[in-house]
Amino acid sequence: MKKFLFVVVLLASYFLAKAQSTEEYIETYADVAQSLAAEHHIPASIILSIAIHESAAGQSKIARYLNNHFGIKGKNSSTEIRSAYKDFPTVDSSYTHFISFLKSRTHFNSLFEKYDQYDFKNWARGIQRGGYAHSRSWASQVIALIRKYELFKYDNRPEDYIEPADPTPAYRPKKKAGKIYTVKSGDNLGIIAKRNRTTVKAIKTKNGLKSDAIKPGQKLKL
C-alpha cells in the first residue's frame with residue numbers, strides 16, 4: 001500500500017511539474033512574443049502557442065540543444081546532437097527568425113494583410129494551410145493551447161473586439177448508394193439496361209465486364 005501511494009504521489013508531482021513548466025515558459029517568453037506581435041501585427045498568442053507546441057514548452061531536444069523553438073529546419077553547428085534542424089545563438093533569436101520565416105514565404109506573408117493581430121484562430125488555420133505542418137489537426141492543437149493557457153490575454157484585444165465567427169462547413173451531399181441488380185434467367189445486358197434506364201456500356205464499365213456474357217445469380221452494379 002505504501003509503495004502504491006508513493007507511485008501515485010510521484011506521478012502527481014510529475015504532471016504538476018510539467019504543467020508548471022509550461023506556465024513558466026509562458027511567463028519567460030511572453031514579453032518577447034508581445035514585442036514581436038506589436039511590431040509585426042501578428043497575435044502574440046499565436047507566437048507563444050506555436051513555440052509551446054513545437055518545442056514542448058522548451059523541453060524538446062532541439063529546443064534545449066539548438067535554441068530552436070519553432071521546428072525550423074536548416075543547418076546547424078552543434079556537436080552535441082545530430083539534427084536536421086537549424087540552431088540559434090539564443091531563444092529570442094529563434095522567435096525573431098520565426099517571424100522572418102513567415103514573412104519570407106508567399107503562403108504565409110499574405111496572412112499579415114488578411115488577418116488582424118487578434119484573430120488567432122484564422123492565423124492558426126492560415127499557417128497550417130500554408131504547409132507549416134503536415135498534421136491535419138495542427139491548427140486545432142495550437143488553438144486548444146491558446147484556450148487552455150488563455151494566451152489570448154497577451155494579444156491586448158480592445159474591449160469592443162468581436163471575434164470572427166468560425167466558417168460554416170461546406171455542404172457536401174451524401175453520395176447515394178449504388179443499386180445492385182441480381183441477374184435472372186433470360187436476362188441480357190440490353191434488357192437490364194432498358195429496365196433500369198441506363199446503357200449496356202455503362203453497366204459494363206461499372207462492373208469491369210469485357211463481354212456481354214452474364215449468368216443468373218450474378219450481381220451487377222447499376
field: Failed item in (1) of a type in the set (S, T, Y); (2) touching a residue at least 40 places away in the same chain (Cβ under 8 Å); (3) not in a loop (DSSP other than H, G, I, E, B), with Y161 passing the rest
entry: (3)
Residue in the stretch 164-184 that is surrounded by the fewest Cβ atoms within 10 Å (Cβ to Cβ), counting only those that are in a loop (DSSP other than H, G, I, E, B) and modelled with pLDDT of 90 or more: K184
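Does A124 satisfy the condition of being surrounded by 13 or more Cβ atoms within 10 Å (Cβ to Cβ), in a loop (DSSP other than H, G, I, E, B) and assigned by TED's automatic domain parsing to the domain that holds L48?
Spelling it out, it is not the case that A124 is surrounded by 13 or more Cβ atoms within 10 Å (Cβ to Cβ), in a loop (DSSP other than H, G, I, E, B) and assigned by TED's automatic domain parsing to the domain that holds L48.
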task: Assess whether Y132 counts as being in a loop (DSSP other than H, G, I, E, B), closer than 30 Å to A30 by Cα, assigned by TED's automatic domain parsing to the domain that holds S104 and of a type outside the set (G, A, S).
output: yes
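The values are calculated or read from the model by the stated rules, or taken from the named source; none is laboratory data. Keep in mind that what you see is a predicted model, and the values were worked out from it rather than measured. Note: ideal-geometry Cβ built from the backbone for every residue, glycine included; neighbour counts use all protein chains shown.
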